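We did not get these values from a lab; they are worked out from the coordinates using the rules stated. Keep in mind that what you see is a predicted model, and the values were worked out from it rather than measured. Cβ coordinates were reconstructed from backbone atoms using ideal geometry, including for glycine residues, and neighbour counts include every protein chain displayed.
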Amino acid sequence: MKNRFEKTVDNQRRYFNTGKSKELSFRKSNLKKLHSLIKNNEGLFYEAIYKDFKKSAYDTYLTELGIIYHEIKLAIKRLPQWTGRQKKNTGLINFPGRSYLVPEPLGTCLVIGAWNYPYQLSILPAVSAMAAGNTVIIKPSELAKNTSGIMAKTINSNFDPEFLHIIEGGVEETTALLKNKFDKIFYTGSSAVGKIIMKAASGHLTPVVLELGGKSPAIIMEDANIKMAAKRIVYGKFINAGQTCVAPDYILIKKETKERFIEEVKKQIIEVHGKNPIDSEAFARIITQKHFNRLTKLIDGSKVVAGGKYVEEDKFIAPTLLDNVGWDDAVMQQEIFGPILPIVEFDNLDDAISKVKERDKPLALYIFSKNTKDINKICKEISFGGGMINDTILHLANADLPFGGVGYSGMGNYHGKFGFDTFSHHKSLIYKTNLFEPFIKFPPYTKIKFKIAKLLMG
Ligand code: NAD
């Protein structure tokens, strides 16, 4: 049965089969075009994101557009290296011969973006897919409708839809899109919807990358630099009003250190957002009423030690600290994804590690300590997507490191060369000479041939 987007997908596949998107010059010129399109429309991109959730131009540049520009420039610079074949060992069985790994694009890819970093999460995977020589359809999140609109307007009026196209919409449109056969689906969003995407993809045996979320802990040891920890946790937690997949979701801290930490966090919130964070130009709003309602229900008034205020008409929730939180509290049962930071005490590091391990593998984990033994112990015992020692969230800004989750926090990764690889197939090729053929390969199978084969193969 025909579906709504079949023609768009078919046209992209036909275009891919012409081989045009595979040419190195094509990849570079289209990446350059995308870069200058966004640059020339930067003002409109800032306006749109402010309308969606009052995110400042400064934060948008640092956490979205700047990262996109960097990724595009890196791809353009490194493409000759990335697209080249890699020489590999050949081994005795194929001697004499030469072995290579040759990257090739997969075909027509679908990128489904989330709303919290609407530009980065839609455009960055598309940059990797384009760099790898694919055609791409992007479906941004409908929850950030102004940013979705400006991306669609800018890209669709400047790119050939057979190569790069944005389809706007929500569940209905995504469901229709997923009926089509893609060569890769790259999804960013919740684990619940991740399951729907994977199920739909399995119908066509399409490989998926799932960039999901989860509860990412920040573990603060007694020897940590508490002032610096508070500064960096306030940054990572409250940027984008906590609507960041890798934001520290909760704090695990020793009792003796807790009071000092709380005082430093309170000071730091005032330092960066003032006494009235509602007036701070650097403090974003909650994306929808539904998320606002979900978050305000998580604020247990009896546990608030900072913030706790909210203004419904503005979808504003103040940076909020909750003390004496237990593992069974409501706030510990779901990813918070908002400006609420619960503090959970621990006495013994082994117990704290066990508690984290009883839950799904986190997307990120942060350790604040100077003690190498403790740091190594935590890193060795807990599986998580990626993380930082003595800082938060910025590991994702290093394009030389892959970004992705593990287990319930996701599968696959991207950024820099890792993104290129994610959207490529690495073809194995062995070139043989016609000089000679080892006689032991062929019957008759004599005892002496068997002995030689055993000697050669081990
Ligand atoms: P979401 O899963 O609700 O939506 C993401 C995308 O899925 C949207 O484009 C949406 O239109 C589509 N979608 C929603 N319901 C669908 C359905 N039933 N069928 C098909 N498509 C559907 O996620 P969200 O609420 O926008 O994002 C929040 C979650 O995403 C958090 O868990 C967060 O941690 C995670 N996240 C992860 C990363 C990462 O890089 N790992 C980045 C940002 C957000």
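A few remarks follow.
- The stretch 211-249 and the stretch 400-422 have Cα centres spaced 21 Å apart.
- In this entry, the stretch 197-270 is assigned a mean projected area of 6.5 nm², taken as a quarter of its C-alpha convex hull surface.
- Translational diffusion of the stretch 217-397, µm² s⁻¹ [Kirkwood Rh, Cα pairs; Stokes-Einstein; 10 °C; 1.306 mPa s]: 97
- Ranking of L435, L34 by count of other Cβ atoms within 10 Å, fewest first: L435, L34
- For the stretch 348-458, the extents of the C-alpha atoms along the principal axes are 67, 33, 27 Å, listed from largest to smallest.
- Among the listed pairs K195/K370; K7/K145; K54/K380; K215/K255, those beyond 32 Å (Cα-Cα): K195/K370; K54/K380
- Among T83, I270, F5 - extreme Cα towards positive end, dipole of the chain, charges at beta-carbon: T83
- Fraction of C-alpha pairs exceeding 24 angstrom in the stretch 50-186: 40 percent, rounded to a whole number.
- Kyte-Doolittle mean at least 0.5, axial Cα span of 18 Å or more - DSSP H helices of the chain: 118-131
- Fully extending the segment from Q81 to N376, taken as 0.36 nm per residue of separation minus the present Cα-Cα distance, adds 102.8 nm.
- If R0 is 51 Å, the Cβ-Cβ spacing of E47 and L435 corresponds to a FRET efficiency of close to 0.15.
- Evaluated on the stretch 407-452, the Kirkwood hydrodynamic radius is 15.6 Å, with distances taken between all distinct Cα atoms.
- If R0 is 56 Å, the Cβ-Cβ spacing of A330 and D10 corresponds to a FRET efficiency of close to 0.75.
- Judged by the mean number of other Cβ atoms found within 10 Å, the most tightly packed of the peptides 231-242, 188-199 leads the ranking 231-242, 188-199.
- Counting neighbouring beta carbons within 10 Å and listing from fewest to most, the residues E264, E168, E381, E211 come out as E381, E168, E264, E211.
- Residues S141, S25, arranged from fewest to most other Cβ atoms within 10 angstrom of their Cβ, appear as S25, S141.
- Per residue, the convex hull volume that the Cα atoms of the chain enclose (Å³): 185
- Above-threshold pairs, the threshold being 18 Å between Cα atoms, out of K139/K179; K20/K88; K88/K432; K227/K267: K20/K88
- Share of Cα-Cα pairs in the stretch 343-400 lying beyond 20 Å, as whole percent: 24
- Label point distance in nm, I452-Y58, each placed 7 Å from Cα along Cα→Cβ: 7.5
- Anchor K275: aspartates and glutamates whose Cα lies under 17 Å away (excluding residues fewer than 8 positions away in-chain): E263, E264
- The stretch 282-306 and the stretch 66-100 have their alpha-carbon centroids 47 Å apart.
- Long-range Cα-Cα pairs in the stretch 160-306 (distance over 26 Å), rounded percent: 45
- 15 Å cut-off, amide nitrogen to a point 7 angstrom out along S99 Cα→Cβ, residues in the stretch 443-458: 457-458
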